[in-house]
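Below you'll find the structure, written out as structure tokens, and then a few comments.
The values are calculated or read from the model by the stated rules, or taken from the named source; none is laboratory data. Keep in mind it's a predicted model, so treat the numbers as computed, not measured. The area values use the complete protein model at the heavy-atom level, side chains included, leaving out ligands, DNA and RNA. Shrake-Rupley method; radii C 1.70, N 1.55, O 1.52, S 1.80 Å.
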Amino acid sequence: MAFKNLRRKRNMAEVKSKMDSALNSNTYKDDRFWNLTLDNERRGSAVIRFLPGPNDTEFVKYWEHGFQGPTGQWYIEKSLTTLEKDDPVTEMNSRLWNSGLESNKEIARRYKRKLSFVSNIYIVDDPANPSNNGKVFLFRYGKQIYDMINDALKEPEFEDDVQI
């Protein structure tokens, strides 16, 4: 299709409207990621199946920092330690923690890095959003869920337990 024809078919007012709303919005939602819908009591349930990723990787692991600095501005970045490089924030945190001062340890706790994982998942049953059933998404989760999965993969503790 020629560029002129493509340009004629596009509604430029609609494109401008989308661009303006993106510019004025301070939120961004990535539709590739699935999130569990929670009720008022912060409970939710769904049946998901973990899928292998590219090159048979089960997950991607990364570290990130997210904290509000002394001036009130936010610092939200992936940590260079994910790439096995020196990270200035992590180095600063180590110096603060190792200083022995409780006030410095409190600062280090606020600035510490967070471990996250991302896996491909298949939605078997999402009661809160049935339109997700049968679709593949990315799923971002933390160390607690990772540990639950890892524990489930270990040899069963009791004979009547089934190994995953």
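Probe radius 1.4 Å, ligands and nucleic acids left out: which of Trp63, Trp97, Trp34 has the largest accessible area, and how do the rest follow? Let's see the in-between values first.
Working: Trp63 55, Trp97 110, Trp34 15 Å².
Highest to lowest solvent-accessible surface, that is Trp97, Trp63, Trp34.
Remind me, relative contact order of the chain in percent, using alpha carbon pairs under 8 angstrom and six or more residues apart? Mind showing how you got there, number by number?
Numbers: 191 pairs, mean separation 36.4, N = 164.
It rounds to 22 percent for the chain.
Using helices alone, I'd like the mean residue ellipticity at 222 nm for the chain: each DSSP H run of four-plus residues gives -39500 (n - 2.57), total over residue count, nearest 500.
Numbers: 5 runs with 52 residues, N = 164.
Per the formula, -9500 deg cm²/dmol.
Checking the a/c ratio against 1.5 first, then a/b against b/c, what shape does the Cα gyration tensor give for the stretch 39-164?
prolate
Tell me whether the stretch 16-65 comes out rounded, prolate or oblate; compute the Cα gyration tensor, take square roots of the eigenvalues as a ≥ b ≥ c, and use a/c under 1.5 as the rounded threshold. Mind showing how you got there, number by number?
Details: a/c = 2.25, a/b = 1.35, b/c = 1.66.
Oblate, since a/c reaches 1.5 and b/c is not below a/b.
If you average the alpha carbon positions of the stretch 85-109 and of the stretch 132-164, how far apart do those two centres end up, in angstrom?
33
Just the number please: accessible area per residue for the chain, 1.4 Å probe, all protein chains included, in Å². Please list the in-between numbers first.
Values: 13350 Å² over 164 residues.
Accessible area per residue, the chain: 81 Å².
Over the Cα atoms of the stretch 98-158, Rg to Rh with Kirkwood Rh, two decimal places? Don't skip to the end; give the middle numbers.
Values: Rg = 18.5 Å, Rh = 15.3 Å.
Looking at the stretch 98-158, the ratio lands at 1.21.
Note down the accessible area of Leu51, probe 1.4 Å, to the nearest 10 Å².
Roughly 50 Å² of Leu51 is accessible to a 1.4 Å probe.
Compute, for Lys18, the solvent-accessible surface of its heavy atoms (probe 1.4 Å) with the complete set of protein chains present, and express it in square angstrom to the nearest 10.
For Lys18, solvent-accessible area is about 120 Å².
At 1.4 Å probe size, with the rest of the protein present, what percent of the exposed accessible area of the chain is carbon and sulfur atoms? The partial results should precede the final answer.
Values: 7060 of 13350 Å².
Ligands and nucleic acids excluded, carbon and sulfur reach 53 percent.
Sort Val15, Val60 from largest to smallest accessible area, using a 1.4 Å probe on the heavy atoms of the protein chains.
On the way: Val15 35, Val60 80 Å².
Greatest to least solvent exposure: Val60, Val15.
So how much slack lies between Asn98 and Asp125, counting 0.36 nm per residue of separation and subtracting their Cα-Cα distance, in nm? Intermediate values should be presented prior to the final figure.
Working: separation 27, 0.36 × 27 = 9.72 nm, distance 4.75 nm.
Computed gain between Asn98 and Asp125 is 5.0 nm.
Quick one: what do you get for the stretch 54-121 if you divide its Cα Rg by 2.2 N^0.38 Å?
Details: Rg = 14.4 Å, N = 68, 2.2 N^0.38 = 10.9 Å.
After normalising by residue count via 2.2 N^0.38 Å, the value is 1.32.
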